[in-house]
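A short write-up of the structure that comes next.
None of the figures in this text is laboratory data; all of them are computed from the coordinates on show. What you see is a predicted model; the values in this text were computed from it and never measured. Positions of Cβ are generated from backbone atoms using ideal geometry, with glycine treated the same way; all protein chains shown enter the neighbour counts.
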Amino acid sequence: MIRQAKVNDARKVAEVHVLTWQKAYAGIVPDSHLTFLSIDKREEFWRQTIKEGNPELWVAEKENEVVGWVAFGPSRDAGADAFVGEVEAIYVHPDRWSSGTGKLLWLKAQERLVARKFEEVTLWVLEENIRAINFYLAAGFKADMESTKDITIAGKVLREVRYQRNLG
């Protein structure tokens, strides 16, 4: 079941967030960073985010457990048009990868973005995150190789690439 997140989901959202980072970014993001990710800190962040409602946060539930989530809203890119939305993240518990959960979360985000009158959607993904790239390509996103940015995590420079697709 896909439903809008509630404040009391913050802990489970944080757990999925941290566990997914640790699994998906192993070998990409330095272990020194992944080891010290804090579910407690993420929980407080998500509690506040859910209260504020920005970005929108929807969760996937299986047997009353949060197993994934999607966060989305207006594009955060400088100079983005008002009709451009952004998927900030889709995370699915590693035990649920390749189960269709990510697709269901994307379809909910797409539905909500269209309802909010966004005409296109973007997202940023680490260029080494092949699993995520394949997911987004299958969902109809295309890489905008002219829109890249470097970020530094634990002293390692990583490249992010923007992906885009129309919602019409």
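Give me the distance in nm between label points sitting 7 Å out from Cα along the Cα-to-Cβ direction at GLU63 and ASP144, one decimal. Placing both labels 7 Å along Cα→Cβ, they lie 4.2 nm apart. Distance between the modelled labels on ILE28 and ALA115, one decimal in nanometres: 3.0 nm (7 Å Cα→Cβ projection). Taking a ≥ b ≥ c as the square roots of the eigenvalues of the alpha-carbon gyration tensor, region 91-146 is classed oblate because a/c is 1.5 or more while a/b is no larger than b/c. Multiplying the residue separation of VAL157 and PHE36 by 0.36 nm and removing their Cα-Cα distance gives an extension gain of 41.7 nm.
Using the Karplus relation 6.51 cos²θ - 1.76 cosθ + 1.60 with θ = phi - 60°, the per-residue 3J(HN,Hα) values for region 93-100 come to 3, x, 5, 10, 4, 6, 9, x Hz, with x marking Gly and Pro.
Based on the Cβ-Cβ distance of ARG131 and VAL7, what FRET efficiency does E = 1/(1 + (r/R0)^6) give at R0 = 22 Å, to the nearest 0.05? Please report the intermediate quantities before stating the final value.
Numbers: r = 30 Å, r/R0 = 1.37.
About 0.15, to the nearest 0.05.
Can you tell me the convex hull volume per residue for the chain, based on C-alpha atoms, in Å³ to the nearest whole number? Walk me through the numbers before you get to the answer.
Working: hull volume 19.6 nm³, N = 168.
Value for the chain: 117 Å³ per residue.
As a rough footprinting exposure proxy, the listed residues TRP69, TRP97, TRP58 were ranked by other beta carbons within 10 Å of their own, and the order from fewest upward is TRP97, TRP58, TRP69. Bridging of LYS117 to lysines at a Cα separation below 25 Å is possible for LYS6, LYS51, LYS103, LYS108, LYS142, once same-chain residues fewer than 8 apart are set aside. Calculation over all alpha carbon pairs of region 42-106 in 10 angstrom steps from 0 returns a P(r) of 20, 45, 29, 6, 0 percent.
Taking amide hydrogens as placed 1.01 Å from N in the peptide plane, the amide H of SER147 sits under 5 Å from those of ARG162, each at least 5 positions away in sequence or on another chain.
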